[in-house]
Structures are given as C-alpha cells and as structure tokens.
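Chemist: Take this structure, written in structure tokens, and hold onto it; I'll ask about it next.
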Amino acid sequence: MKKMIPLKKQSKRAQREYHLSRRGSWGEVNPITRTVESKKVYSRKKLKRPETE
C-alpha cells in the first residue's frame, strides 16, 4: 500500500496528473453558448418595434 503524501509535497507532474484525473468534461454542453447577454448593451440584432402607419 502506498503512503499518503500531501499534494503540495508531490512533484508538479504528480500534481498535474492528480488534477487531470479529477477534472471532468463538459460532455455535450458548450459553455460558450450559455452566456447571458447584458440588457444594458445595445444590439442591432434585436427586432425593432414595427413603426405605425
């Protein structure tokens, strides 16, 4: 059985391998598409109100 060595005392490579093993993936979710646009910013893409005749 291996002795437990604190993470800070391990080599950088060992720390990196540990963190990579713990890190998950986003799977099918794209985090870029999850951003919320600010309501204060002017957007030309928004539909403008139709003008009355």
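The values are calculated or read from the model by the stated rules, or taken from the named source; none is laboratory data. Predicted, not measured: the structure shown is a model, and the values here were computed from it. Cβ atoms come from the backbone with ideal geometry, glycine included; neighbour counts cover every protein chain shown. Ligands, DNA and RNA are stripped out before the accessible areas are found, and what is left, the full protein with its side chains, is counted by its heavy atoms. Shrake-Rupley method; radii C 1.70, N 1.55, O 1.52, S 1.80 Å.
Chemist: Count the lysine pairs in the chain that are 8 or more places apart or on different chains: how many have C-alpha atoms under 27 angstrom apart?
Modeler: Values: Lys2/Lys12; Lys3/Lys12; Lys39/Lys48; Lys40/Lys48.
Lysine pairs meeting the criterion: 4.
Chemist: If you don't mind, there's one more thing I want to ask. Which of the following values of log10 I(q)/I(0) by the Debye sum over Cα atoms at q = 0.13, 0.20 Å⁻¹ was calculated from the structure shown: [x] -0.54, -0.77; [y] -0.65, -0.89; [z] -0.22, -0.52?
Modeler: From the options [x] -0.54, -0.77; [y] -0.65, -0.89; [z] -0.22, -0.52, the structure gives [y].
Chemist: Let me ask something additional. Among Ile5, Ile32, what's the order by accessible area (1.4 angstrom probe), most exposed first?
Modeler: Details: Ile5 85, Ile32 130 Å².
So the residues, ranked largest to smallest area, are Ile32, Ile5.
Chemist: Next question, about the same structure. Carbon-plus-sulfur fraction of the accessible area of the chain, 1.4 Å probe, in percent? List each step's numbers first, then the result.
Modeler: Working: 3680 of 6820 Å².
Result for the chain: 54 percent of the exposed heavy-atom area is carbon or sulfur.
Chemist: Just want the answer: with Cβ charges of +1 for Lys and Arg and -1 for Asp and Glu, which residue in Leu7, Asn30, Leu47 is farthest toward the dipole's positive end in the chain?
Modeler: So the residue we want is Leu7.
Chemist: Also, quick follow-up: Which order do Tyr18, Tyr42 take by accessible area at a 1.4 Å probe, largest first?
Modeler: Values: Tyr18 90, Tyr42 160 Å².
Result, largest first: Tyr42, Tyr18.
Chemist: Also: Once ligands and nucleic acids are excluded and a 1.4 Å probe is used, how much of Glu17 is accessible, expressed in Å² to the nearest 10?
Modeler: Answer for Glu17: close to 120 Å² accessible.
Chemist: Then there's this: Give the accessible area for Val41 in Å² (nearest 10); use a 1.4 Å probe, count only protein heavy atoms, and leave out ligands, DNA and RNA.
Modeler: Surface open to solvent at Val41 totals about 90 Å².
Chemist: Report, in deg cm²/dmol and to the nearest 500, the calculated mean residue ellipticity at 222 nm for the chain, where each DSSP H run with n ≥ 4 adds -39500 (n - 2.57) and the sum is divided by the residue count. Mind dumping the intermediate values first?
Modeler: Numbers: 1 runs with 11 residues, N = 53.
Computed mean residue ellipticity for the chain: -6500 deg cm²/dmol.
Chemist: Then there is this: At 1.4 Å probe size, with every protein chain present, just tell me what the per residue accessible area of the chain comes to in Å². Kindly include the intermediate steps, with their values, before the conclusion.
Modeler: On the way: 6820 Å² over 53 residues.
Normalised by residue count, the accessible surface of the chain is 129 Å².
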